[in-house]
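Some notes on the structure that comes next.
The values are calculated or read from the model by the stated rules, or taken from the named source; none is laboratory data. Every value quoted in this text rests on a predicted model; they were computed, and no experiment measured them. Because the Cβ atoms are built from the backbone with ideal geometry, glycine has one as well, and the counts that use them run over all protein chains shown. Heavy atoms of the whole protein, side chains included, go into the accessibility calculation; ligands, DNA and RNA do not. Shrake-Rupley method; radii C 1.70, N 1.55, O 1.52, S 1.80 Å.
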Amino acid sequence: VSFTYNGSVWNPATPVYWKDETTPADFYCYYPYTGSVGDVTALAFSVKEDQSTLANYKASELLWGKTEGAKPSADPVNITTRHAMSNLIIYVVPGNGYTEETLAAETVSVSIASVMTSAKINLATGKVSATGAAGTVAPYKESSYWRALIVPQDVVGAELVKVTVGEKTYTLNQTVSFESNKQYKCTITVNRVSEGVNIGIGGWEKGEIDF
């Protein structure tokens, strides 16, 4: 059943009733809503490969939550959702030979490679499984960083991040396990040297709380 928020309460598309006055019920919530779920253990979902616009970034979001054993009551049932996807934050910062101003003057672009963009989610457990072939994601550019929603998966020694500075492109090979509801940060330092530009890679940070 789809629910719509009017600013203060959630309203169902059709009335929802308790079975009786004593029987508890389990509630499962997911967003975005789809009216056709062929298999509740394998709902298909895909993040956008092009997340360079805010609309496409938001369209790559998948929320899930559940409340089990709720007892019949006149009060609303509270369901807390969590992010089913991972969030990857990429900073490109100036190193030797660059200042923030001179790096900002360069044409800098970032892409994320070697990641599967399709998944299936078990609505009963919230477990997300990546499916299909690996592709490339174009992240959304914030004022000082890039961000993208990534399907939870293990990336092992693969070409993960591509950074283009001017006409030169550099790649970052990385092993990382993306998990649901966790945020990952990658800092890439760009150095200007006599033969052009090289890139130094900083550490990864993995958040343990909602992003």
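Per residue, how large is the accessible surface of the chain? Use a 1.4 angstrom probe and give square angstrom.
56 Å²
Using the basic label-point model (7 angstrom from Cα toward the beta carbon), what is the Val1 to Thr53 distance in nanometres?
Here the modelled spin labels are 3.5 nm apart.
Using Cα pairs under 8 angstrom and six or more residues apart, how large is the relative contact order of the chain, in percent?
Reported as a whole number, the value is 21 percent.
Show which lysines lie in cross-link reach of Lys182 when reach means a straight Cα distance below 24 angstrom and same-chain residues fewer than eight apart are skipped.
Lys48, Lys58, Lys66, Lys120, Lys127, Lys141, Lys162, Lys206
Taking the Cα-to-Cβ direction at Asn11 and at Asn96 and moving 7 Å from each Cα, how far apart do the two end points lie in nm?
Taking the simple label geometry, Asn11 and Asn96 are separated by 6.5 nm.
Heads up, I need the accessible area for Thr22: 1.4 angstrom probe, whole protein in place, Å², nearest 10.
Rounded to the nearest 10, the figure is 110 Å².
Mind checking the full-extension length gain between Glu21 and Ser144? Use 0.36 nm per residue of separation minus the Cα-Cα distance, one decimal, nm.
This chain segment gains 38.9 nm when fully extended.
Suppose the chain between Ser36 and Glu106 were pulled fully straight at 0.36 nm per residue; how much longer would it get relative to their current alpha carbon spacing?
Full-extension gain reported as 20.5 nm.
Write out the trypsin sites (Lys or Arg not before Pro) in the stretch 14-106 meeting two conditions: DSSP loop, and at most 11 other Cβ atoms within 10 Å of their Cβ.
Those that pass, being in a loop and sparsely packed, are Lys19.
Restricting to the chain, what percent of DSSP beta bridges are antiparallel, rounded to 5?
85 percent
What is the mean projected area of the alpha carbon convex hull for the chain, to one decimal in square nanometres?
The directionally averaged projection comes out at 14.3 nm².
Once you place label points 7 Å from the Cα toward the Cβ at Ala134 and Leu63, how far apart are they in nm?
3.2 nm
Normalised by the number of residues in the stretch 68-189, what is the relative contact order in percent for Cα pairs under 8 Å and 6+ residues apart?
The value is 35 percent.
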